[in-house]
Amino acid sequence: MAEETQSGGLVFHPVDQFIIRPLFGDGPVQWYTPTNATLWMAIALLAITAVFVLGTRGRAIIPTRVQSVGEILYGVVYKMIEDVTGHDGVKYFPYVMTLFLFVLFSNYLALIPMSFSPTSHIGVTAVLGFGVFIAITTIGFVRNGASFLGLFWMKDAPLALRPVIALIELISYFVRPVSHSIRLAGNIMAGHAVIKVFAGFAAIAAISPLSVLAVVAIYGLEVLVAGIQAYVFTILTCVYLKDALNPHH
């Protein structure tokens, strides 16, 4: 957690936990190399499968704990899509639900000691964010054709301001996948780095009790952040989906 230097000080390496390493050997990481990120994303998928396939295999009127978790998550996401996008957006529930579950389970599994956080890497969240951007844009043009461009043209605004507003809306639209992905990665990375820093202070006997209390408090906060970030990522996806389904202001 912290290394003691020859002068007696401590050197922290809070970002070492985010280094992607190959699972086998010490060679360079190629696009096909199994890494710690690959492992924990696979574990997240297995956990999702365990909850929604194995956990609900013997569905009962009085649900088990695992079945209850699955039903609650299903209901929360379904209601979110219906409330934000309307009934037309329900057909895209499988895609939105998949995004939510992957982010949620990846965030919570990363809170296990000695684990790895895939969603702290912009490479992972960018794939999710730009995937949403491409999917939403495609849906918008397929459903609305050229009228999808009405999303950028505010008919209620004064005529002289419409081109300026259109430019602002266009820039804002293309910034969406960047902010969508950076928000998730930044929040997850920051929380884990702060926990690592305070854990490093545990090596100093004088402040060790305070360090432990700080780690416990921040860990509790990160439990909330893990769920909130999955919710925020999903509800923003629903908002973007609403724009694609109803592009006219």
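Among all residue pairs at least 6 apart or on different chains, which show Cβ distances below 9 Å where the first residue, located in the range 211-235, is in contact (Cβ under 8 Å) with a residue 60 or more places away in the chain and the second is assigned to a helix (DSSP H, G or I) and basic (Lys, Arg)?
Listed pairs, sorted by first residue: 229/183; 233/183.
Take residue 178 and tell me if it is assigned to a helix (DSSP H, G or I) and either touching a residue at least 12 places away in the same chain (Cβ under 8 Å) or in contact with an Asp or Glu (Cβ under 7 Å, 6 or more places away or on another chain) (or both). Give the steps one after another, and end with the answer.
On the way: assigned to a helix (DSSP H, G or I): yes; either touching a residue at least 12 places away in the same chain (Cβ under 8 Å) or in contact with an Asp or Glu (Cβ under 7 Å, 6 or more places away or on another chain) (or both): yes.
Judged against the criteria, residue 178 is a match.
Starting from residues that are touching a residue at least 40 places away in the same chain (Cβ under 8 Å) and among the small types (Gly, Ala, Ser), keep the ones in the range 74-109 and report whichever is nearest to residue 45 (Cα to Cα).
Ranking the qualifying residues of the range 74-109, first place goes to 106.
Name, by its number, the condition in (1) free of Cβ contacts under 8 Å to residues at least 12 places away in the same chain; (2) over 21 Å from residue 18 (Cβ atoms); (3) among the aliphatic types (A, V, I, L, M) that does not hold for residue 139.
The number of the failed condition is (1).
Anything in the range 17-70 that is in contact with a strand residue (DSSP E or B) (Cβ under 8 Å, 6 or more places away or on another chain) and of a type in the set (Val, Ile, Thr)? List them, or say none.
20, 29, 33, 35
Residue 160: over 21 Å from residue 80 (Cα atoms), in a helix (DSSP H, G or I) and either touching a residue at least 60 places away in the same chain (Cβ under 8 Å) or hydrophobic (A, V, I, L, M, F, W, C) (or both), yes or no? Let's see the steps before the verdict.
Working: over 21 Å from residue 80 (Cα atoms): yes; in a helix (DSSP H, G or I): no; either touching a residue at least 60 places away in the same chain (Cβ under 8 Å) or hydrophobic (A, V, I, L, M, F, W, C) (or both): yes.
When the stated conditions are applied, residue 160 does not pass them.
Which residue is nearest to residue 120 (Cα to Cα), if the candidates are limited to the range 235-249 and must be surrounded by fewer than 22 Cβ atoms within 10 Å (Cβ to Cβ) and touching a Leu at 6+ places or on another chain (Cβ under 8 Å)?
Checking each candidate, the answer is 243.
Give 184, 128, 149 a once-over and let me know the one that is touching a Phe, Trp or Tyr at 6+ places or on another chain (Cβ under 6 Å) and touching a residue at least 24 places away in the same chain (Cβ under 8 Å).
Values: 128 fails: touching a Phe, Trp or Tyr at 6+ places or on another chain (Cβ under 6 Å); 149 fails: touching a Phe, Trp or Tyr at 6+ places or on another chain (Cβ under 6 Å).
Among 184, 128, 149, only 184 is touching a Phe, Trp or Tyr at 6+ places or on another chain (Cβ under 6 Å) and touching a residue at least 24 places away in the same chain (Cβ under 8 Å).
Kindly provide the set of residues from the range 58-70 that are surrounded by 15 or more Cβ atoms within 10 Å (Cβ to Cβ) and in a helix (DSSP H, G or I), ordered by number.
66, 67, 69, 70, listed by residue number.
Checking residue 158 against (1) out of contact with any Gly (no Cβ under 6 Å at 6 or more places or on another chain); (2) surrounded by 12 or more Cβ atoms within 10 Å (Cβ to Cβ), which single condition isn't satisfied?
(2) is the only condition that residue 158 fails.
Only one of 189, 114, 154 is outside any helix (DSSP H, G or I) and touching a residue at least 24 places away in the same chain (Cβ under 8 Å). Can you tell me which? It would help to see each step written out before you state the result.
Working: 189 fails: outside any helix (DSSP H, G or I); 114 fails: touching a residue at least 24 places away in the same chain (Cβ under 8 Å).
Matching residue, one of 189, 114, 154: 154.
Taking the conditions exactly as written (modelled with pLDDT under 95 and surrounded by fewer than 19 Cβ atoms within 10 Å (Cβ to Cβ)), does residue 151 satisfy them or not? Write out each step before concluding.
Working: modelled with pLDDT under 95: yes; surrounded by fewer than 19 Cβ atoms within 10 Å (Cβ to Cβ): no.
Against the criterion (modelled with pLDDT under 95 and surrounded by fewer than 19 Cβ atoms within 10 Å (Cβ to Cβ)), residue 151 does not qualify.
Condition test on residue 43, is it among the β-branched types (Val, Ile, Thr), farther than 20 Å from residue 232 by Cβ, in contact (Cβ under 8 Å) with a residue 40 or more places away in the chain and surrounded by fewer than 20 Cβ atoms within 10 Å (Cβ to Cβ)? Give the steps one after another, and end with the answer.
Values: among the β-branched types (Val, Ile, Thr): yes; farther than 20 Å from residue 232 by Cβ: yes; in contact (Cβ under 8 Å) with a residue 40 or more places away in the chain: yes; surrounded by fewer than 20 Cβ atoms within 10 Å (Cβ to Cβ): yes.
Criteria met by residue 43.
The values are calculated or read from the model by the stated rules, or taken from the named source; none is laboratory data. Values in this document were obtained by computation on a predicted structure and should not be read as measured data. As a convention, Cβ positions derive from the backbone with ideal geometry for all residues, glycine included, and neighbour counts pool all protein chains shown.
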